[in-house]
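Encoded as structure tokens, the structure appears first; notes follow it.
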Amino acid sequence: MSSAPWKSTAFLYLLFFLPAVDMNPIPPICNSSVRYNVVMVMSDAFDGRLTIDPENHLVDLPNLDFLKQNGATFLNAYTNSPICCPSRAAMWSGLFPHLIQSWNNYKCLNPDYPTWMDLVKQKGFATQKFGKQDYRSGSHSLSNRVEAWTRDVPFLLRQEGRPVTSLITNKTKIRIMEEDWRNTDLATSWLKKQAANSSQPFFLYLGLNLPHPYPSVNMGENFGSSTFLTSPYWLQKVSYKNVTIPKWLPLKAMHPVDYYSSYTKNCTGSFTSQEIRDIRAYYYAMCAETDGIMGEVISALTDTGLINTTYVLFTSDHGELAMEHRQFYKMSMYEGSSHVPLLIMGPNIQPGKRISNIVSLVDLYPTMLEIAGVSIPQKLSGFSLLPLSYAGSKNDIFSASDLHPNWALSQFHGSDANASTYMLREDGWKYIAYSDGDSIPPQLFDLIKDPEELNNVATQFPQIVCSMEKKLRSILDYKEVSAAVHQYNKQSFASWKENVESNYTNVISNLRWHLDWSLRPKANEQAIDRWLKHGSNGIVKSDHESHKIFPTKRHAC
């Protein structure tokens, strides 16, 4: 069986320890008389590892390859929260999720928050958005928010439909995600009819649903997103023989938060190798369709002659686990979920550039402002990526700290994980802390020796743990943040429960977890009541197995 391209230890060594950048300074855009355009395409759930290998053997992505060949590839780009709304809120605000209190898909940015698009519009740029934006508070299903609020309740209930695949029978059908294609048509038409015929510089944003899995309608009124859907046209772009079956730890050996996530995602049951390989292959086919949409955008820019004065960016809000670690979807700090693509092509960017510095989505806010010549606020969490992108000569090497802090922070507070999670990526290490830092043990992964992240070496390297713990706490007081999230969850659920009054039982029993809820409705209601009064007792149980969620307190550094 062939290994996935990113699983090569030699390749990862080069990935992490390439010189940070090669530097040949040019005047920054803010000092230039030329005003450039920007087109940003943000997908949903695109695994960034597919874009970092120069010889991708899994799926044909010719248009993303075009961006890589003619621009810069960020090899270590991360989401600031592995879920849709908080990650996008971070990108649009330039601030870490805890600073804007973006806790879940329901609690994100206020509608009047000034995004980078608002600021460049004030600078005189034409601005236009098409497609998925999903960064403001108040969206997503009732199930999604209730599941996030009640994650501290000591019960185990499946919140998602079992991941499945579906193949459209029409062998020539190309436009599977029709909404994305409609929005792409609008965007390309705007480029050809509006932008190309105006002297006004512009910023265009196109948000995609692809390659996010589709809802499965059998999960109740709020559905569960678990169907990997494609057609033979896109599936033929996948090298099926190179699709690997990921290794899984035994259920009893899983970290307690991972176990909870796997259970709530309906992935603790039996899966055949064929099922797993199909899910992964169909996901890659959905990535190929995403690439096809990117091709439409590039063609429109080429046909209009705008491509020479336009920065083109491709990224994603988070990745997709696609059955790695016995999970699909995101909500995890594992690479499949947290590592995002980031490709930038445009004026003054050296073609074929590969940048190993660790960056994240909050860096796009100051990057957009610098392109537009707008003053960058001092209190942003991110840093402009242009200095890294402009580095040219191979003879003049700058260290990471000269151009960009060489670490990334990601955090998660939503559904399908029963503890606030904090990830610090620095050098070849990934450190993951949970909750208050005491009640749940941390994880430490050596991404060079263990790219599959199967060996938690936290107890083997206490000095590294203490160093990264200290660094993490210098960035945020995550114990305080976790306490704020606990309080928010309880208050939000109590307020919602009070508003629905007598309908509470009927409403909550028909959410996405209705199949499991129906087995023990009274016990589940009582668990919620105890949580509202006293908090969690630290144990969750299913009919098959009990599992500790809060193990014994770990030794402090």
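Placing unit charges on the Cβ atoms only, positive for Lys and Arg and negative for Asp and Glu, gives the chain a dipole magnitude near 380 debye about its Cα centre. For Tyr311, the residues 5 or more places off, or on other chains, whose built amide H falls under 5 Å of its own are Asn37, Val38, Val39. Each Lys and Arg adds +1 at its Cβ and each Asp and Glu adds -1 at its Cβ; summed about the Cα centre, the stretch 256-369 shows a dipole of about 260 debye. Would you mind classifying the stretch 125-165 by shape? Square roots of the alpha carbon gyration tensor eigenvalues, ordered a ≥ b ≥ c; an a/c under 1.5 is rounded, otherwise it is prolate if a/b is larger than b/c and oblate if not. It is oblate, given that a/c is not under 1.5 and a/b is not larger than b/c.
As a fraction of the 1.4 Å probe accessible area of the stretch 39-139, surface on carbon and sulfur atoms comes out at 46 percent. With a Förster radius of 30 Å applied to the beta-carbon distance between Leu99 and Gln200, the computed FRET efficiency rounds to 0.35. Derived scalar couplings between HN and Hα for the stretch 464-474 equal 5, 4, 5, 5, 6, 4, 5, 5, 4, 6, 6 Hz in order, rounded to whole Hz, by the Karplus curve 6.51 cos²θ - 1.76 cosθ + 1.60 (θ = phi - 60°), x for Gly and Pro. Normalised size of the stretch 167-308, defined as Cα radius of gyration per 2.2 N^0.38 Å with N residues, equals 1.35. Inter-label distance, Leu515 to Phe461: 4.0 nm, where each label sits 7 Å from its Cα along the C-beta direction. Helical content alone sets the calculated 222 nm signal of the chain at -10000 deg cm²/dmol, taking -39,500 (n - 2.57) per DSSP H segment of four or more residues and averaging over every residue. Charges on Cβ only, +1 for Lys and Arg, -1 for Asp and Glu, centred on the Cα centroid of the chain; of Ala523, Ile508, Leu364, which one is farthest towards the dipole's positive end? Of the candidates, Ala523 comes out farthest on the positive side. Taking all protein chains together and rolling a 1.4 Å probe, Arg145 ends up with roughly 40 Å² accessible. Using 0.36 nm per residue and subtracting the Cα-Cα separation, the extra length available between Lys470 and Glu525 on full extension is 15.8 nm. Distant-in-sequence amide contacts of Lys265, defined by a placed amide H-H separation under 5 Å and a gap of 5 or more residues or a different chain, comprise Gln159. Answer rounded, prolate or oblate for the stretch 194-251, using the Cα gyration tensor with square roots of eigenvalues a ≥ b ≥ c: rounded when a/c is under 1.5, else prolate when a/b is larger than b/c, else oblate. Prolate, because a/c is 1.5 or more and a/b exceeds b/c. The convex hull around the C-alpha trace of the stretch 258-321, projected and averaged over every direction, spans 6.0 square nanometres. For the stretch 328-439, the orientation-averaged shadow of the C-alpha convex hull comes to 9.2 nm² (one quarter of the hull surface). Over the chain, what portion of Cα pair distances is larger than 38 Å, expressed as a whole percent? More than 38 Å apart: 26 percent of the Cα pairs in the chain. For Lys193, the lysines whose Cα falls under 25 Å of its own Cα, not counting residues fewer than eight places away in the same chain, are Lys121, Lys123, Lys129, Lys132.
About its Cα centre, the dipole of the stretch 187-286 is roughly 340 debye, where the only charges are +1 on Lys and Arg Cβ and -1 on Asp and Glu Cβ. In the context of the full set of protein chains, the chain has a per residue accessible area of 38 Å² (1.4 Å probe). Rounded to the nearest whole Hz, the Karplus-based 3J(HN,Hα) values (6.51 cos²θ - 1.76 cosθ + 1.60, θ = phi - 60°) of the stretch 109-125 follow the sequence 7, 5, x, 8, 5, x, 7, 5, 5, 5, 6, 6, 5, 5, 7, x, 7, with x at glycine and proline. For the chain, DSSP calls about 50 percent of its internal beta bridges antiparallel. Using heavy atoms of the protein chains and a probe of 1.4 Å, the accessible area assigned to Glu55 is about 120 Å². Ranking Gly428, Ile168, His98 by Cα position along the charge dipole of the chain, where only Lys, Arg, Asp and Glu carry charges on their C-beta atoms, puts His98 farthest toward the positive end. Along its principal axes, the stretch 53-182 has C-alpha extents of 48, 44, 31 angstrom, given from the largest down. Across the stretch 166-178, coupling constants 3J(HN,Hα) worked out from phi with the 6.51/-1.76/1.60 Karplus curve, θ = phi - 60°, read 8, 10, 5, 6, 5, 5, 9, 6, 9, 8, 7, 7, 5 Hz, and Gly and Pro carry x. With K and R counted +1 and D and E -1, the other residues having a Cβ less than 12 Å from that of Pro201 yield a net charge of +3.
Under 5 Å from the amide H of Gln411 lie the amide H atoms of Ser81, Met423, each residue being 5 or more positions distant or on a separate chain, with H modelled from the backbone and absent for Pro and chain starts.
The values are calculated or read from the model by the stated rules, or taken from the named source; none is laboratory data. Keep in mind that what you see is a predicted model, and the values were worked out from it rather than measured. Cβ sites come from the backbone with ideal geometry, for glycine too, and all protein chains shown count toward neighbours. The accessibility values were calculated without ligands, DNA or RNA, using every heavy atom of the protein model including side chains. Shrake-Rupley method; radii C 1.70, N 1.55, O 1.52, S 1.80 Å.
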